[in-house]
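Computed from the coordinates by the stated procedures, all read-outs in this text should not be read as laboratory data. The shown structure was predicted, so the numbers you read here are calculated from the model rather than taken from an experiment. Note that each Cβ is placed from the backbone with ideal geometry, even for glycine, and that neighbours are counted across all protein chains shown.
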Amino acid sequence: MRILALPGDGVGVEVTEAALRVLDWFRTRRGFACEVLRRDFGLANWTKHGTMMPDETWARILEADAILFGAVGSLDQAGVVPPEERRKGSLLRMRKALDLFANLRPVRMPAALAEASPCKPRVTEGVDLILVRELTAGVYFGTPRGVETLPDGTRRGVNTHSYTEAEIARAARFAFALARGRRGRVTSVDKANVMEAGALWREVVGRIGAEEFPDVVLEHMLADNCAIQLLRAPRRFDVILTDNLFGDLLSDAAGAIIGSLGMLPSASLSAPDAAGRRRALYEPIHGSAPDIAGRGVANPLGAILSLALLLRWSAGRAEDAAHLEAAVDRALAAGARTSDIAAPGESVLSTEQMTQAVLDAL
Ligand code: IPM
Ligand code: MG
């Protein structure tokens with residue numbers, strides 16, 4: 001397997017380092033055969049090479065079996081990178097070029113973190129849901145887009161929310177198939193009451209559910225209602241299927257249940273090729289967190305759990321993935337905490353110490 005590590009900017013560097021240390025454990029202790037290549041990404045590239053995306057890096061991205069991604073910089077503070085260049089090194093370009101339409105964001109509540117959550121333990125106990133966010137269409141990519149000047153000299157910003165039946169259908173099939181291996185329940189989230197594209201979403205998902213997955217229980221939910229249900233009764237959810245923009249918002253809301261975005265991993269997958277292999281990118285869902293970058297205090301668990309997803313989805317090593325997830329739970333149960341998940345008075349570990357706690361638990 002060719003794994004490409006793209007640490008990127010800010011805390012992406014520290015947490016990817018942590019994930020690679022854990023990956024090494026699986027190489028040496030479990031015989032996981034893989035080749036790991038590391039390349040700069042984001043503002044790091046701009047600073048070093050004067051371009052956001054050297055051709056060689058792009059070639060590696062296109063040929064990798066799996067990408068382990070850290071984080072990209074919050075938009076260039078100094079404003080020195082021209083917009084053209086910025087797009088070349090953007091996460092969105094990678095998602096589109098690799099056709100990573102299925103974005104998986106699992107949210108599991110570790111029992112040990114009940115205190116870190118802003119929700120009451122009786123609400124969060126046992127939460128185990130997975131959000132399937134469509135990642136290559138919708139308002140993120142629809143055209144026309146841009147800012148135009150109107151005849152009266154004022155400007156108008158335009159983005160287009162668009163979904164074809166095929167785009168809806170493949171995301172739906174992915175979610176239904178995933179639910180079959182879990183508790184057999186899909187909640188499809190849209191704004192069918194307001195948007196035509198939402199009504200089409202509901203119709204297509206409903207048809208595929210009835211015709212191809214009659215064994216899976218399907219419910220439809222409006223996106224605003226879903227936001228509140230996530231906080232009131234998160235246990236009712238098994239698989240949540242939604243579009244690109246709602247998925248962005250709802251995954252942050254779902255992450256709030258756990259108490260820190262630093263805990264949450266993600267996988268972005270393409271359709272399988274003829275040999276059954278999917279292109280894949282794994283990343284923690286937290287950003288580059290410039291405020292704490294470089295201090296060695298970031299929570300590495302989102303990145304480490306993203307590695308678990310890599311083991312499961314790209315390496316076919318489901319047992320190793322479960323082993324790693326259980327090790328993270330054991331480290332937390334033993335009291336390992338980075339500052340984002342520590343309760344007042346609890347002692348706090350650095351990124352490196354937390355990584356070591358996971359290695360010890362392994
Ligand atoms: C995410 C992020 C990205 C998104 C940003 C960094 C473009 O918020 O993956 O959730 O909006 O998709
Ligand atoms: Mg987001």
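Binning at 5 angstrom from zero up to the longest distance, how are the C-alpha pair distances of the stretch 118-258 distributed in percent?
2, 10, 19, 20, 18, 12, 8, 5, 3, 2, 1, 0
Rg over Rh of the stretch 31-186, using C-alpha atoms and the Kirkwood radius, what does it come to?
Working: Rg = 20.3 Å, Rh = 19.5 Å.
Rounded to two decimals, Rg over Rh is 1.04.
Multiply the residue separation of Arg87 and Ala275 by 0.36 nm, subtract the distance between their alpha-carbon atoms, and state the gained length in nm to one decimal.
Values: separation 188, 0.36 × 188 = 67.68 nm, distance 3.12 nm.
Here the segment from Arg87 to Ala275 would lengthen by 64.6 nm.
Divide the volume of the convex hull of the Cα atoms of the stretch 231-306 by its number of residues and quote the answer in cubic angstrom per residue. Walk me through the numbers on the way to the answer.
On the way: hull volume 10.1 nm³, N = 76.
It is 133 Å³ per residue.
State whether the stretch 24-78 is rounded, prolate or oblate according to the following rule on the C-alpha gyration tensor (a ≥ b ≥ c being the square roots of its eigenvalues): a/c under 1.5 gives rounded; otherwise a/b larger than b/c gives prolate, and the remaining case gives oblate.
On the way: a/c = 3.21, a/b = 2.03, b/c = 1.58.
Prolate shape, in that a/c is at least 1.5 and a/b is the bigger ratio.
If R₀ is 51 angstrom, what is the calculated FRET efficiency for the pair Arg2 and Val348, using the beta carbon separation as r and rounding to 0.05?
Values: r = 36 Å, r/R0 = 0.72.
Calculated transfer efficiency: 0.90.
Taking a cut-off of 18 Å between Cα atoms, list the lysines near Lys88, but don't count ones fewer than 8 places away on the same chain.
Qualifying lysines at Cα under 18 Å: Lys48, Lys96.
Most exposed first by the Cβ proxy, i.e. fewest other Cβ within 10 Å, how do Asp252, Asp40, Asp273 rank?
Details: Asp252 15, Asp40 21, Asp273 9.
Ascending number of Cβ neighbours within 10 Å: Asp273, Asp252, Asp40.
Can you give the percent of C-alpha pairs in the stretch 206-348 whose distance is more than 23 Å? Don't jump to the answer; show the numbers that get you there.
Numbers: 5077 of 10153 pairs.
Of all Cα-Cα distances in the stretch 206-348, 50 percent exceed 23 Å.
Amide H to amide H under 5 Å from Asp9: which residues, 5+ apart in sequence or cross-chain, H placed 1.01 Å off N in plane?
Excluding prolines and chain starts, which carry no amide H, the hits are Ala71, Val72, Gly73.
At what distance in angstrom do the alpha carbon centres of the stretch 1-67 and the stretch 298-328 lie from each other?
Value for the Cα centre distance between the two parts: 16 Å.
With a 10 Å Cβ neighbour count serving as the proxy for reagent exposure, in which order, fewest first, do Asp65, Asp291, Asp9 appear? Can you show the working numbers first?
Working: Asp65 17, Asp291 9, Asp9 25.
With the sparsest Cβ surroundings first, the list reads Asp291, Asp65, Asp9.
If you scale each eigenvalue of the Cα gyration tensor by 5 and take the root, what three semi-axes come out for the chain, rounded to whole angstrom and sorted largest first? Write out the running numbers ahead of the final one.
Details: eigenvalues 178, 145, 91 Å².
In descending order the semi-axes read 30, 27, 21 Å.
Just to be sure I understand the model, the point goes 7 Å from the Cα along the line to the Cβ. What's the resulting Arg232 to Ala334 distance in nm?
4.1 nm
Which of Ser339, Ser288, Ser306 ends up with the largest GNM mean-square fluctuation for the chain, with Cα atoms connected below 10 Å?
Of Ser339, Ser288, Ser306, the Gaussian network model singles out Ser339 as fluctuating most.
At a Förster radius of 22 Å, what calculated FRET efficiency corresponds to the Cβ-Cβ distance of Glu203 and Ala177, to the nearest 0.05?
0.65
Could you list Thr16, Thr57 in order of exposure, starting from the residue whose Cβ has the fewest other Cβ atoms within 10 Å? Provide the component values of the computation, followed by the final result.
Numbers: Thr16 27, Thr57 20.
Listed from fewest to most nearby Cβ atoms, that is Thr57, Thr16.
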